[in-house]
Amino acid sequence: MFDIILKREEGTNVLKGIKLRLYPNRTQQNQLEQMFGNDRFVWNQMLAMMNERYQNNKDLPFLGKFKLNYLLKPLKKEYPFLKNSDSSSLQVVNEFLTQSWKNFFQDKTGQIGKPIIKTAGKRYLKIPKLGYVKTSKNGVLQNTKVKRYTVVLEPTSKYYLSLQAEIPEPEKYSLTDKQVGIDVGVADLAILSNGLKYPSFNSSYFEKKAKIWQRKYARRRHLAKLLVLQDRNKRVLCPRSLESFANWQKAQKSKAKYQAKAANQRRDYLHKLTTHLVKQYDVIAIEDLKTKNLQKNHHLAKSIANASWRMFRQMLEYKCEWYGKKLIAVDPKNTSRICSKCGYNSGAKPLEIREWTCSKCQTKHDRDINAAVNILHKATPTGQGLAMVTS
């Protein structure tokens, strides 16, 4: 289970993302497969209609999600199997299609219909069209109002329920009168201006396992494809679908399992680290890094992705907002070049240089700690390069 703040509501409520594991029975799994198929069908039907409309007359007004929702009723009459889906899920499909078509979020009100999910004891939820479904402990849903939900089948063959819920605003953390600058790195994820360093999550074990199964998956998929091919006389060697090969399925699920374990443990590590930082410091200054641009460097892309800089920042942002602390993002320009003691810019330094001595004041610096101190200096009211303040 994890949570991510989405936005603040008027008054004392906030929107929170909640993820719960579902344990549907065989009948419910079949129903979910039908619903997933219905979602894909509606997406393709609406997209084909919008493409045809655009090709015939590019000046016609854009069809928003409400107009697409109006078309669901005649579509259900033409294709009765769509009635097996919760209407709100098909409306969400239309909203996502609208967002993809216009390439930005058109509507931020979240008014997609009113999902009705009820708790039934400690381990069951009542979900429209599915009935009572066993789940992980649902105590987190107490005092919440569900705004939207999505059922997801992950590559590990596990079902999850993602909820957008309105909850009371959490209590603020007590103030500590401390502030800190943070420089992010690869070997050490967070380097603090006070000299503390927090290592990046080490997922090498799970990555190694995932690579082993990835090779098995690729090899078994290739063999399975060969078996379903025809020979020179156009005779089918093995009239079976790829999904019917047990070894291929086992390799696929095993690969996904280790990838999911690495992702879950990394997320858990980041949650614990960011919560600790928000509790300890009232003001946190970080670099305003453009991770997408940095990942264009093929030598650093994988390391940056593994370090999860973006997720680290996102967690700091919403937790500072939730718990009454302040996050300041500053321009990272020259933070690794300037002496944090005298302010002298000694020029660019290759990444392999981890320590250096200022040629002006002779102060010896740890490269990352010096950058973290400069980040904190930039975040002060008199500093330059202020990019964003979250409070």
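The values are calculated or read from the model by the stated rules, or taken from the named source; none is laboratory data. Every value quoted in this text rests on a predicted model; they were computed, and no experiment measured them. These accessible areas exclude ligands, DNA and RNA; they are computed on the full protein's heavy atoms, side chains included. Shrake-Rupley method; radii C 1.70, N 1.55, O 1.52, S 1.80 Å.
Brief remarks on what is shown
- For the range 266-274, Karplus couplings with θ = phi - 60° (6.51, -1.76, 1.60), whole Hz, Gly/Pro x: 5, 5, 4, 4, 5, 4, 5, 5, 5
- Area of residue 201 that stays accessible when all protein chains are in place (1.4 Å probe, Å², to 10): 40 Å²
- Cut-off under 5 Å, modelled amide H: who pairs with residue 189 long-range: 198, 200
- For residue 124, residues with placed amide H under 5 Å, excluding near neighbours: 135
- Largest first, the residues 322, 101 sort by 1.4 Å accessible area into 101, 322.
- On a per residue basis, the range 328-379 carries 52 Å² of accessible surface, using protein heavy atoms and a 1.4 Å probe.
- Area accessible to solvent at residue 188, 1.4 Å probe radius, in Å²: 40 Å²
- Fraction of accessible area attributable to carbon and sulfur, the range 154-208 (%, probe 1.4 Å): 52 percent
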